[in-house]
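**Q** Okay, handing you the structure first.
The values are calculated or read from the model by the stated rules, or taken from the named source; none is laboratory data. Note that the structure is predicted; figures quoted are calculated from it, not measured. Cβ coordinates were reconstructed from backbone atoms using ideal geometry, including for glycine residues, and neighbour counts include every protein chain displayed.
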Amino acid sequence: MTRVPATALSQGRAASISELAARYLWEYREKIELALGVLSDQQIWWRPNERSNSIGNLVLHLEGNLSLWVLAGLGKESYERDRAGEFQAAGGIGREHLVSHLSRLVSRAREVIAGLGEEDLQRDVEIQGYEVDGRGALMHAVEHMSYHTGQIVWIAKQLRGTERPLEFYPQHRDE
């Protein structure tokens, strides 16, 4: 049985949308870490076909997206992204490296988010060709990480089957 990560909602009422967003990013990071923890490095880089992405690609993609949208877009930090490289990678990066990089990045993103004021959330920014305000950028980052976390967990469950199941909500098992 996998340990159950704390969910964003199980932590009580959030004081702001920014705090809630930061909680969700951490929850998704935990789910990804747990999914990676039940897989071998070979499984992390498995692709069902050459047009699909591996879990490793998706983790690299999340790192690029969070860096661009949160650290650079909202935090005004310098960042040069290689989006194509995120999808072209075909291995050579192990679980520990992926987990530690994602964990550090999400921690840094949460620091940036915690430092945002109302004026930052209302400020217009251009990111990846999109004109959005800070709220739009923040919600995109959360939504994007949610989407790919679901893909990562689904792939991990398919690869592992019942051998080492991932279950994040045992309290709802019999509902």
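**Q** Within the stretch 139-175, count every residue that is of a type in the set (S, T, N, Q) and closer than 30 Å to Gln122 by Cα.
**A** 2
**Q** Just to be sure I understand, how many residues within the stretch 55-66 are touching a residue at least 40 places away in the same chain (Cβ under 8 Å) and polar (S, T, N, Q)? Don't jump to the end; show me each part of the working.
**A** Taking the stretch 55-66 first, the residues touching a residue at least 40 places away in the same chain (Cβ under 8 Å) are 55-56, 58-59, 61-63, 65-66.
When the remaining residues are screened for being polar (S, T, N, Q), the result is 65.
The total comes to 1.
**Q** Just to be sure I understand, how many residues within the stretch 1-46 are among the basic types (Lys, Arg) and exposed (fewer than 15 other Cβ atoms within 10 Å of the Cβ)?
**A** Of the residues in that region, 2 qualify.
**Q** Of the numbered conditions (1) in a helix (DSSP H, G or I); (2) surrounded by fewer than 12 Cβ atoms within 10 Å (Cβ to Cβ); (3) not hydrophobic (A, V, I, L, M, F, W, C), Ser103 satisfies every one except a single condition; which is it?
**A** The failed condition is (2).
**Q** Another question, then. Which is touching a Phe, Trp or Tyr at 6+ places or on another chain (Cβ under 8 Å) and crowded, with 17+ Cβ neighbours inside 10 Å, of Ala137, Ala90, Ala109, Ala156? I'd like the intermediate steps shown before the answer.
**A** Numbers: Ala90 fails: crowded, with 17+ Cβ neighbours inside 10 Å; Ala109 fails: touching a Phe, Trp or Tyr at 6+ places or on another chain (Cβ under 8 Å); Ala156 fails: touching a Phe, Trp or Tyr at 6+ places or on another chain (Cβ under 8 Å).
That would be Ala137, the only listed residue that is touching a Phe, Trp or Tyr at 6+ places or on another chain (Cβ under 8 Å) and crowded, with 17+ Cβ neighbours inside 10 Å.
**Q** Let me ask something additional. Could you give every pair whose Cβ atoms fall below 6 Å, whose first residue belongs to the stretch 19-38 and is closer than 24 Å to Arg135 by Cα and at pLDDT 95 or above, and whose second residue is among the hydrophobic types (A, V, I, L, M, F, W, C) and outside any helix (DSSP H, G or I), counting only separations of at least 6 or pairs across chains?
**A** Matching pairs, first to second residue: Leu20/Ala14; Arg23/Ala8; Tyr24/Ala8; Glu27/Ala8.
**Q** Looking at Tyr130, Tyr147, can you tell me which residue is at pLDDT 95 or above and either among the small types (Gly, Ala, Ser) or more than 19 Å from the chain's Cα centre (by Cα) (or both)?
**A** Residue meeting the stated conditions: Tyr130.
**Q** Quick check: is even one residue across the stretch 69-83 free of Cβ contacts under 8 Å to residues at least 60 places away in the same chain, within 23 Å of Gln43 (Cα to Cα) and small (Gly, Ala, Ser)?
**A** Restricting attention to the stretch 69-83, the residues satisfying the condition of being free of Cβ contacts under 8 Å to residues at least 60 places away in the same chain are 71-72, 75-83.
From what's left, within 23 Å of Gln43 (Cα to Cα): 83.
Of the ones still in play, those that are also small (Gly, Ala, Ser) are none.
The answer is no; no qualifying residue exists.
**Q** If you don't mind, another one. Which of the following residues is within 25 Å of Gly75 (Cα to Cα) and among the polar types (S, T, N, Q): Ser54, Ser10, Ser18?
**A** Checking each option against the conditions leaves just Ser18.
**Q** If you check every pair at least six apart or on different chains, which have Cβ atoms under 8 Å apart with a residue in the stretch 109-136 that is under 17 Å from Ala15 (Cα atoms) first and a residue that is among the β-branched types (Val, Ile, Thr) and surrounded by 12 or more Cβ atoms within 10 Å (Cβ to Cβ) second?
**A** Val112/Val70; Ile113/Val70; Leu121/Ile17; Arg135/Ile17
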